[in-house]
Ligand code: BGC
């Protein structure tokens, strides 16, 4: 029996900084990632050209069509649209407007992420996510995007993975803007959550088509060791209440989705009086899921060891995580779920026969989608699955080594090759999930 809804969004995801390139043309100004010091990125790489999707846009949409996608999640580069405070760049708007037209002409539903980590340098100079000044700036930027695209775009994600860019970028210093300040967690969380709420209000206020709005969380679940009541309850606690799940999930989700303040880590807490500014009604929860919390660096209880399948980021392949993640989150918040990222990185290369053989990725897609299928069969409203990523691309501090794409990219020539796993994904999409 096929339980996926007939309008299930089968897609692939990307982010501007990771694939667009064209960092300094047509009026764009640099983002914090364009200016990352080379010693911070593996092999001294940078994202200034990457896949040059800016110049390959039509070709890339044609590839999506070939794969059979009915949706595509992409993000907007803030500094392409607003290169300096108060100035809108018509050529930047034109690029995204053309992309949306091209997608619609190919029956591919656009899902727009407004912020996927590439803060303009000019915003960073004003304090970035450390300063309240970003709240009106982010709201104005959102309005510009909504005014330009919402006559054709219905699906919106204001922010991608707050926990990641806050913790990696401002606390651990591994991502741009490379700050180290563990004591800033509370302040960062508050600013981000208020800015997010304002952006969602702006989308709802100005959108021309009735919007469907979500937030993509970097989330994961602790998976039960056995399907007994005790083990499931233990896993739920580890996913939400305590242990590794507290910072991965509850810290970010409870205030936004349920208006509940979180008290944790002594001095860090989100204040109850801020809840009306933070709680946001969302149409779906976006979950970006890769590996289970049982293997989390912080608070997990296992380390991937020899014999355990891992991707080339060192993340364990744990196919049951998607089911448990969707289930625990739906049971707690009761909001439809979209898998806005899930994918497998490998060291793919072009074989002597000219093709890119990636059996592990095909197997990964089947395995993880079985978890989605189980959730759907149990009646959980899962509305889409966006494979990460469409193209091999710039993997932040890891540079170009991990290849997550359904499409292989030669970063010297810009040439694209569909990987073998596309055949599997295409069949799954064509059968609307019956051949998972
Ligand atoms: C991010 C992507 C990233 C992917 C793989 C997610 O955390 O949203 O930008 O490429 O994971 O690391």
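Decide, for the stretch 288-357, between rounded, prolate and oblate: order the square roots of the alpha carbon gyration tensor eigenvalues as a ≥ b ≥ c, take rounded if a/c falls under 1.5, and otherwise choose prolate if a/b is larger than b/c, else oblate. Cα axes put the stretch 288-357 in the oblate bin. Counted by neighbouring Cβ atoms within 10 Å, the residues 301, 45, 424 run from fewest to most as 301, 45, 424. Residue exposure proxy: 398, 230, ordered by other Cβ atoms within 10 angstrom of their Cβ from fewest to most, comes out as 230, 398. The length gained on full extension between residue 355 and residue 413, counted as 0.36 nm times the residue separation minus their Cα-Cα distance, comes to 19.3 nm.
Taking the Cβ of each residue in 80, 139, 73 as the centre, tally the other Cβ atoms inside 10 Å and list the residues starting with the fewest.
Numbers: 80 26, 139 15, 73 30.
Least crowded to most crowded, the residues run 139, 80, 73.
Gain on full extension, evaluated as 0.36 nm per residue between residue 131 and residue 271 minus their Cα-Cα distance, stands at 48.7 nm. Computed from the C-beta positions of residue 201 and residue 3, the FRET efficiency with R₀ = 35 Å rounds to 0.55.
Quick check: convex hull of the Cα atoms in the chain, volume per residue, rounded to a whole Å³? Numbers along the way, then the final one.
Details: hull volume 60.0 nm³, N = 436.
Normalising the Cα hull of the chain by residue number yields 138 Å³.
Just subtract the alpha-carbon distance of residue 66 and residue 38 from 0.36 nm times their residue separation and send over the number in nm, one decimal. Walk me through the numbers on the way to the answer.
Details: separation 28, 0.36 × 28 = 10.08 nm, distance 3.60 nm.
Answer, rounded to one decimal: 6.5 nm.
The modelled label-to-label distance for the pair residue 297/residue 24, using points 7 Å beyond Cα in the direction of Cβ, is 3.2 nm. FRET efficiency for the residue 363 to residue 139 pair, using the beta carbon distance and R₀ = 45 Å, is estimated at 0.55.
Each reported figure results from applying straightforward, stated rules to the coordinates on display, with no laboratory input. The structure displayed is predicted, hence computed values, not measured ones. Glycine also receives a Cβ, built like all others from the backbone with ideal geometry; neighbour counts cover every protein chain displayed.
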